[in-house]
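Here is the structure we will look at.
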């Protein structure tokens, strides 16, 4: 499967509303073909030397190499976390899915 240019960017938000608003904006701006929001999830992490627990909503954004930087920048701009998760992974998928993602996003 020739889908090396497909990217998945994962982030989390403190509320469902914030996660959906970010996802909608990314799709409207054509920076992501699809954003899946799931949750609530429980996140356990170390922050400023203390182990914390938080309820969050996860966004998984599908985009391309060409839109990766713009999409990540838009996520950061939408975030109120000091250090939001921006986890980027290369994807493999069907040729038809890869074509749909490429057709759905545009890099400026």
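The values are calculated or read from the model by the stated rules, or taken from the named source; none is laboratory data. Everything numeric here is computed off the predicted structure, so don't read it as measured data. Heads up, the Cβs are rebuilt from the backbone with ideal geometry, glycines too, and the neighbour counts pull from every protein chain shown.
Key figures for this structure:
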| read-out | value |
| --- | --- |
| Residue among 52, 28, 17, 103 that is over 12 Å from the mean Cα position of the chain (by Cα) and at pLDDT below 95 | 103 |
| Residue count for region 81-98, restricted to those that are closer than 19 Å to residue 24 by Cα and more than 15 Å from the chain's Cα centre (by Cα) | 0 |
| Any strands (runs of 3 or more DSSP E) falling wholly within the chain and containing at least 3 residues that are surrounded by fewer than 17 Cβ atoms within 10 Å (Cβ to Cβ) | 34-47, 50-64, 87-90 |
| Residue 39 being farther than 16 Å from residue 88 by Cα, in contact with a strand residue (DSSP E or B) (Cβ under 8 Å, 6 or more places away or on another chain) and free of Cβ contacts under 8 Å to residues at least 40 places away in the same chain | yes |
| Failed item, numbered, when residue 39 is tested on (1) at pLDDT 95 or above; (2) closer than 25 Å to residue 69 by Cβ | (2) |
| The lone exception for residue 47 - which of (1) on the phi > 0 side of the Ramachandran plot; (2) free of Cβ contacts under 8 Å to residues at least 60 places away in the same chain it fails | (1) |
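Yes/no per residue for (1) more than 17 Å from residue 85 (Cα to Cα); (2) touching a helix residue (DSSP H, G or I) at 6+ places or on another chain (Cβ under 9 Å):
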{"residue": "5", "(1), (2)": "yes, yes"}
{"residue": "22", "(1), (2)": "no, yes"}
{"residue": "27", "(1), (2)": "yes, yes"}
{"residue": "30", "(1), (2)": "yes, yes"}
{"residue": "37", "(1), (2)": "no, yes"}
{"residue": "41", "(1), (2)": "no, no"}
{"residue": "44", "(1), (2)": "no, no"}
{"residue": "50", "(1), (2)": "yes, no"}
